[in-house]
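Trainee: Please see the structure below; I have some questions.
Each value in this text was obtained by applying a stated rule to the coordinates, not by laboratory testing. Predicted, not measured: the structure shown is a model, and the values here were computed from it. Reconstructed Cβ throughout: ideal geometry from the backbone, glycine too, with neighbour counts over all protein chains shown.
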Amino acid sequence: MIQVPDQHGRFGPFGGKYVPETLMNALIELEEAYNRYKDDPDFVAEVRYLLAQYSGRPTPLYYAERLTRHAGGAKIYLKREDLNHTGAHKINNTIGQAVLAKRMGKKKVIAETGAGQHGVASATVAALMGLECKVFMGEEDTKRQQLNVFRMKLLGAEVIPVMSGTRTLKDACNETLRYWVSNVNDTYYILGSATGPHPYPMMVRDFQRVIGLETRDQILEAEGRLPDAVVAAVGGGSNAIGMFHPFVGDEGVRLIGVEAAGRGIDTEEHAATMTKGRPGVFQGSMSYVLQDEGGQVLPAHSISAGLDYPGIGPEHSYLKDVKRAEYVPITDAEALEALKLLSRTEGIIPALESAHAVAQALKTAKAMKPDEILVINLSGRGDKDVESIMKYEAEGGAHA
Amino acid sequence: MSTVAQTNAIDAVFARLKESGETALIPFLTMGDPDLETSVALVQAAEQAGAHMIELGVPYSDPLADGPVIQRASERALRNRVSLLDCIEVASKARSRGVRMPFILFTYFNPALQLGLDRFFGLLKEHGFSGVIIPDLPMEEDGETREIAGKAGIHLIPLVAPTSEARVERIASRASGFVYCVSSLGVTGVRTSFHEGIEEFLATVRKAARVPICVGFGISSREQAEKFAGSCDGVIVGSAIVRKIEETLPLLSSAEQDRMDEGIAAVRSFIAELKPRVRG
């Protein structure tokens with residue numbers, strides 16, 4: 001396996017920097033700053049300190065005995081990213097980027113958000129470090145995730161509802177990039193997923209790698225060997241790449257990314273980028289994209305706002321094409337079923353995003369032997385989704 | 001560097017304007033807003049208003065470099081399912097109605113990529129285009145596109161921004177057609193102030209460029225156009241015209257020919273008003 005990305009930010013044919021010229025120097029400056037600090041002992045120590053003392057890492061690797069029994073196959077472990085401060089893996093990345101922003105002398109940060117988890121994680125670190133924070137969120141998502149909007153405001157961030165296009169994550173990303181173009185001199189963009197132009201996919205992966213690195217150590221301690229399969233949900237793909245990356249060189253570990261099939265991959269309402277998309281350029285990089293014949297990006301759909309995205313990080317596209325990772329779709333209904341099951345068997349309410357991984361893990365584990373091991377990356381907790389699930393149920397599953 | 005056998009029409013226009021001491025007026029129109037037939041008529045009107053060349057904008061679902069005015073125009077055009085091919089065909093339709101000025105296609109990269117770059121440039125040539133602007137294709141990514149464009153004799157016109165700094169030299173020195181200088185940080189759209197140090201920026205571009213330089217992003221009046229006329233070879237006006245079209249939609253979308261003509265005339269006089277006076 002070759003080292004990716006290369007110096008142009010390419011993961012094979014994927015990645016790169018497809019942005020307006022106005023942003024090019026900002027990206028180059030960011031890349032230089034990141035390369036300067038990423039191995040700097042003071043920088044690394046500060047990030048490690050905050051991950052441990054502020055966010056509560058390492059997160060546990062929990063053996064889900066009752067879920068294992070229910071699935072009736074491989075032993076299932078849960079990597080409890082939901083136990084991070086702010087309730088999801090997103091803070092691993094925002095801590096890293098906020099420390100970097102401070103080193104770069106930036107006083108203002110901006111972020112896009114879908115479900116609101118990355119927005120909350122950005123607002124949180126901005127508060128911690130005394131940075132001014134603006135979060136762009138699709139108007140549709142501000143309705144689906146009112147609680148997170150309020151949390152961000154409590155944390156002192158300004159939430160800007162995005163009224164353009166689909167009014168979801170895709171357009172929140174567009175609007176954040178547009179704002180950045182206009183304010184590039186004093187503003188740092190904390191991008192929340194392993195997507196966008198280089199160096200973001202690499203940098204976000206590096207900050208999320210802590211998930212996979214800890215999992216490796218923890219499973220070796222608990223079982224004395226590596227897992228046979230690792231399962232994670234993919235929207236843009238930050239929790240999945242963080243979990244997968246430390247295992248990429250271990251051929252015996254199956255890497256399974258789970259994307260949102262919404263109301264089904266044979267309908268027009270899904271976010272199954274890998275299953276139904278094809279390579280194209282979208283929001284700064286070459287990767288798989290949901291698009292029509294003419295290259296117009298299609299709106300995505302998922303019950304989970306965090307997976308409701310027609311693109312995916314370029315490293316995932318690379319892992320798919322070199323056949324190192326597999327990507328499978330899970331529907332809204334399957335995810336919801338899995339959410340309930342995990343709640344009842346283990347007393348853990350997962351985020352709707354993570355519930356997609358749980359649903360696939362149940363299928364995969366069932367087909368595995370009892371002495372085999374499967375790890376689910378439980379990327380976030382479900383508190384934020386309770387209201388939208390209630391609504392979904394009340395409407396008989398007709399609307400998310 | 002391959003040289004184009006025939007003279008590109010853009011080069012010919014700039015050579016002529018240099019003689020007459022004029023600054024090129026380059027309007028931008030979103031194709032298919034409100035419909036393709038009207039776009040052909042508006043291209044004709046732009047030439048009658050004194051435009052020297054024109055940018056035909058391809059509507060895109062995710063126009064990152066564009067502000068609200070052009071975003072709305074794109075959304076209107078996409079509702080009519082206007083495709084890249086439709087936009088390209090506007091050029092030959094306008095040509096057959098006697099339009100003589102050079103055509104420049106403005107498109108985000110993905111639609112061109114999905115069509116296939118060879119086919120894309122083949123079609124541009126076939127339909128009489130002289131240049132193409134791809135706002136999300138910086139020089140680091142443009143290798144293959146540049147090569148194919150060169151073979152087809154189409155200028156791949158690059159953008160430079162006030163933030164380009166050390167990149168200005170590299171971008172401007174390898175530019176073909178003209179250098180598109182972004183007047184201010186931000187997306188397209190009408191604005192009252194431009195980047196501080198814009199004159200210095202234009203002087204830097206001028207020094208590095210072997211081709212004409214034009215200024216765009218935010219120019220919305222003749223006063224602004226004239227302000228830049230002394231330090232560049234052309235001004236590009238997009239959002240101001242697209243906004244005028246938006247305001248004129250009730251006329252432009254009318255089924256009655258009289259009202260339609262009235263709408264076209266209104267846009268034509270708006271464009272004519274923008275034209276910088278000949279440098280004295």
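Trainee: Using a Gaussian network model on chain B with a 10 Å cutoff between Cα atoms, which of B:Ser220, B:Ser231, B:Ser254 fluctuates the most?
Mentor: Checking each option, the largest mean-square fluctuation is seen for B:Ser254.
Trainee: Please give the Cα centre distance for the range B:14-92 versus the range A:67-130, rounded to the nearest Å.
Mentor: What the calculation gives is 43 Å, centre to centre.
Trainee: Give me the dipole magnitude in Debye, nearest 20, for chain A about the Cα centre, with unit charges on the beta carbon: positive for Lys and Arg, negative for Asp and Glu.
Mentor: It works out to roughly 500 debye.
Trainee: May I ask you to list the GluC sites (Glu not before Pro) in the range A:10-63 that are in a DSSP loop and have at most 10 other Cβ atoms within 10 Å of their Cβ?
Mentor: Numbers: sites: A:Glu21, A:Glu29, A:Glu31, A:Glu32, A:Glu46; in loops: none.
Qualifying residues, ordered by number: none.
Trainee: Quickly work out the B:Glu200-to-A:Asn185 label distance, labels modelled 7 Å from Cα along the C-beta direction, and quote it in nm with one decimal.
Mentor: According to this spin-label approximation, the distance is 1.0 nm.
Trainee: Let me ask you something else. May I ask you to compute the full-extension gain from A:Glu337 to A:Tyr54, defined as 0.36 nm times their residue separation minus their alpha-carbon distance, rounded to one decimal in nm?
Mentor: Details: separation 283, 0.36 × 283 = 101.88 nm, distance 3.31 nm.
Contour length minus Cα-Cα distance gives 98.6 nm.
Trainee: Quick one: 3J(HN,Hα) in Hz for the range B:111-124, Karplus 6.51/-1.76/1.60 with θ = phi - 60°, rounded, Gly and Pro as x.
Mentor: Ordered by residue, 3J(HN,Hα) equals x, 5, 4, 5, 6, x, 5, 5, 5, 4, 6, x, 5, 4 Hz.
Trainee: Quick one: if you stick a label point 7 Å off each Cα along the C-beta vector at B:Ala12 and B:Ala255, how many nm between them?
Mentor: Here the modelled spin labels are 4.3 nm apart.
Trainee: Something else: Loop-only check: which trypsin sites (Lys or Arg not before Pro) in the range A:316-400 are DSSP coil with at most 11 other Cβ within 10 angstrom?
Mentor: When the trypsin sites (Lys or Arg not before Pro) of the range A:316-400 are filtered for loop state and at most 11 Cβ neighbours within 10 Å, A:Lys323 remain.
Trainee: Of the candidates A:Asn183, A:Asn93, A:Asn84, which one comes out as most mobile in a Gaussian network treatment of chain A with C-alpha springs shorter than 10 Å?
Mentor: A:Asn183
Trainee: Right, here's the next one. Given springs between every Cα pair under 10 Å in a Gaussian network model of chain A, which of A:Phe43, A:Phe247, A:Phe207 has the largest fluctuation?
Mentor: Evaluated over chain A, the most mobile residue of the options is A:Phe43.
Trainee: Using the basic label-point model (7 angstrom from Cα toward the beta carbon), what is the A:Lys108 to B:Ala266 distance in nanometres?
Mentor: In this crude spin-label approximation the distance works out to 3.6 nm.
Trainee: Once the Cβ-Cβ distance between A:Arg225 and A:Met163 is put in as r, and R0 is 56 Å, what FRET efficiency do you end up with, to the nearest 0.05?
Mentor: Numbers: r = 52 Å, r/R0 = 0.92.
For R0 = 56 Å, the calculated efficiency reads 0.60.
Trainee: Hey, another quick one. Between B:Asp118 and B:Arg79, what length in nm is gained on full extension when 0.36 nm per residue of separation is reduced by their alpha carbon distance?
Mentor: That works out to 11.3 nm of additional length.
Trainee: Return the aspartates and glutamates within reach of B:Lys275: Cα separation strictly under 12 angstrom, same-chain partners fewer than 8 residues apart disregarded; answer none if there are no such residues.
Mentor: Reachable aspartates and glutamates: B:Glu22, B:Glu47, B:Glu223, B:Glu226.
Trainee: Sticking with this one: What pairs in A:Lys320/B:Lys125; A:Lys276/A:Lys323; A:Lys17/B:Lys244; A:Lys107/A:Lys320; A:Lys17/A:Lys363 have C-alpha atoms more than 27 Å from each other?
Mentor: Values: A:Lys320/B:Lys125 37 Å; A:Lys276/A:Lys323 17 Å; A:Lys17/B:Lys244 34 Å; A:Lys107/A:Lys320 38 Å; A:Lys17/A:Lys363 37 Å.
A:Lys320/B:Lys125; A:Lys17/B:Lys244; A:Lys107/A:Lys320; A:Lys17/A:Lys363, as the Cα separations exceed 27 Å there.
Trainee: Using the charge dipole of chain B (Lys, Arg: +1 at Cβ; Asp, Glu: -1 at Cβ; taken about the Cα centre), state which of B:Leu85, B:Gly67, B:His52 has its Cα farthest towards the positive end.
Mentor: Going by the Cα projections, it comes out as B:His52.
Trainee: Something else now. Mind listing the long-range amide H neighbours of B:Gly57? Cut-off is under 5 Å, sequence gap 5 or more, other chains count too, H placed in the peptide plane at 1.01 Å from N.
Mentor: Residues meeting the amide H criterion: B:Leu29, B:Thr30, B:Met31, B:Phe106.
Trainee: Still on this structure, I have one more. Out of B:Thr188, B:Ile219, B:Thr23, whose Cα points farthest toward the positive end of the dipole of the range B:21-274 (charges: +1 Lys, Arg; -1 Asp, Glu; placed on Cβ)?
Mentor: Of the candidates, B:Thr23 comes out farthest on the positive side.
Trainee: Would you pull out the residues with amide H under 5 Å of A:Tyr188's amide H, same chain only if 5 or more places away, H placed 1.01 Å from N?
Mentor: A:Lys108, A:Val109, A:Ile110
Trainee: What whole-number distance in Å separates the alpha-carbon centres of the range A:1-49 and the range B:102-169?
Mentor: Here the answer is 26 Å between Cα centres.
Trainee: Roughly how many Å is it from the Cα centre of the range B:178-213 to that of the range A:360-387, as a whole number?
Mentor: 54 Å
Trainee: Quick one: Karplus J couplings for the range A:361-377, per residue in order, coefficients 6.51, -1.76, 1.60, θ = phi - 60°, nearest Hz, x for Gly and Pro?
Mentor: Here the 3J(HN,Hα) series is 4, 4, 5, 5, 4, 4, 8, 9, 7, x, 8, 8, 10, 10, 10, 9, 7 Hz.
Trainee: Also, quick follow-up: For a label point 7 angstrom out from the Cα of A:Phe150 toward its Cβ, which stretches of the range A:357-400 have the backbone nitrogen within less than 12 Å?
Mentor: A:387
Trainee: At 222 nm, what helix-only mean residue ellipticity would chain A give, in deg cm²/dmol to the nearest 500, using -39500 (n - 2.57) for each DSSP H run of four or more?
Mentor: Theoretical 222 nm ellipticity from helices: -13000 deg cm²/dmol.
Trainee: Pop out the ³J(HN,Hα) list for the range A:346-360 in order, Karplus 6.51 cos²θ - 1.76 cosθ + 1.60 with θ = phi - 60°, rounded to Hz; leave Gly and Pro as x.
Mentor: After applying 6.51 cos²θ - 1.76 cosθ + 1.60, I find 10, x, 10, 8, x, 4, 4, 4, 5, 4, 4, 5, 4, 4, 5 Hz.
Trainee: Which shape class applies to chain A: rounded if a/c is under 1.5, otherwise prolate when a/b exceeds b/c and oblate if not, where a ≥ b ≥ c are the square roots of the Cα gyration tensor eigenvalues?
Mentor: Numbers: a/c = 1.36, a/b = 1.22, b/c = 1.11.
Since a/c stays below 1.5, the shape of chain A is classed as rounded.
Trainee: Quick one: length gained pulling B:Glu147 to B:Asp35 fully straight, 0.36 nm per residue minus the C-alpha distance?
Mentor: So the extension gain works out to 37.0 nm.
Trainee: What residues qualify as long-range amide H neighbours of A:Arg10, i.e. H under 5 Å apart, gap of 5 or more or another chain, H built at 1.01 Å from N?
Mentor: Distant-sequence amide H within range of A:Arg10: A:Gly16.
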